[in-house]
1. Kindly provide the set of residues from segment 39-97 that are basic (K, R) and farther than 21 Å from S29 by Cα, ordered by number.
2. Name the residues in segment 102-120 that are assigned to a helix (DSSP H, G or I) and over 18 Å from P32 (Cα atoms), would you?
3. Please list, ordered by residue number, the strands (runs of 3 or more DSSP E) wholly in segment 3-65 having 1 or more residues that are exposed (fewer than 14 other Cβ atoms within 10 Å of the Cβ) and at pLDDT 95 or above.
4. Which one of these is free of Cβ contacts under 8 Å to residues at least 60 places away in the same chain and not aromatic (F, W, Y): E9, E69?
5. Can you pull out the residues in segment 136-170 that are in contact with a strand residue (DSSP E or B) (Cβ under 9 Å, 6 or more places away or on another chain), among the aliphatic types (A, V, I, L, M) and part of a helix (DSSP H, G or I)?
6. So R173 passes all but one of these: (1) in contact with a strand residue (DSSP E or B) (Cβ under 8 Å, 6 or more places away or on another chain); (2) at pLDDT below 95. Which condition number does it fail?
7. Among the candidates V150, V139, V99, V144, which residue alone is closer than 25 Å to H21 by Cβ and β-branched (V, I, T)?
8. From (1) out of contact with any Asp or Glu (no Cβ under 6 Å at 6 or more places or on another chain); (2) at pLDDT 95 or above; (3) of a type outside the set (S, T, Y), pick out the condition that doesn't hold for L80.
Amino acid sequence: MDTAWDAPEGRFYRSQGLRLHFTDWGNPSAPPLILNHGGLDHSRSWDQLAQALRATFHVVAPDLRGHGESDWATGSSYSLADHVYDLTCLVKFAGFEKVTIVGHSMGGMVSLTYAGAFPDQVSRLVVLDGVTNFPARRVKPADVRIADWVGDLDKFAERKIHRYPSVADGAERILSRNQRLTREQATHLATHGLKRNVDGTYSWKFDPYLRARAPSRL
């Protein structure tokens, strides 16, 4: 594993009372680049890309609320609007005036919405497999969406968190879901995506309530 991957600085800022983490790759005199990860992921999944771009950009990669080293939201508040507000707080905290943003999946949705709301603050936008809404999509009635959401929250409240004996076991789980990854890459993702429990086992850092789809959609 390239030891330079461990070179970035972990920093924190606050949004809606939450302590949120981002990975800062330095080079502050360069144009800022924000890398927004997807759902149930973390900022260190961008390490290879950040390493390649750090000479050209001031690369920062946030852990979205409920992910990685960031706080979990009390009351499972993980709407798209909440994530967009977190991004505005990060931009202000870092002192960025105009940013390039790359977003993947859910991070792409956050990036699209931020760029649409604040176009003067975005110089370039790259979205990988992220959409907000399809015009032809049929939306369920509000009562059905709320009932589904309540059912999801009840289900996740009762679900036991899966525990892995080791980081290597977590890496095996990642490989089983994406066989295009090398074992080295899977181990890197698991190392930064797992936390150690008091009993010595490991579990994923993300909040299980992130799986619940908010009833109110933009």
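1. Once the filter is applied, which keeps residues that are basic (K, R) and farther than 21 Å from S29 by Cα, segment 39-97 yields R44, R65.
2. Of everything in segment 102-120, those that are assigned to a helix (DSSP H, G or I) and over 18 Å from P32 (Cα atoms) turn out to be M106, M109, T113, G116, A117.
3. 9-15, 18-24
4. That would be E9, the only listed residue that is free of Cβ contacts under 8 Å to residues at least 60 places away in the same chain and not aromatic (F, W, Y).
5. Correct list: V167 only.
6. (2)
7. V99
8. Only one criterion is unmet by L80, namely (2).
The values are calculated or read from the model by the stated rules, or taken from the named source; none is laboratory data. Just so you know, these numbers come straight off a predicted model, no measurement behind them. Don't worry about glycine lacking a Cβ; one is built from the backbone with ideal geometry, like all the others, and counts go over all protein chains shown.
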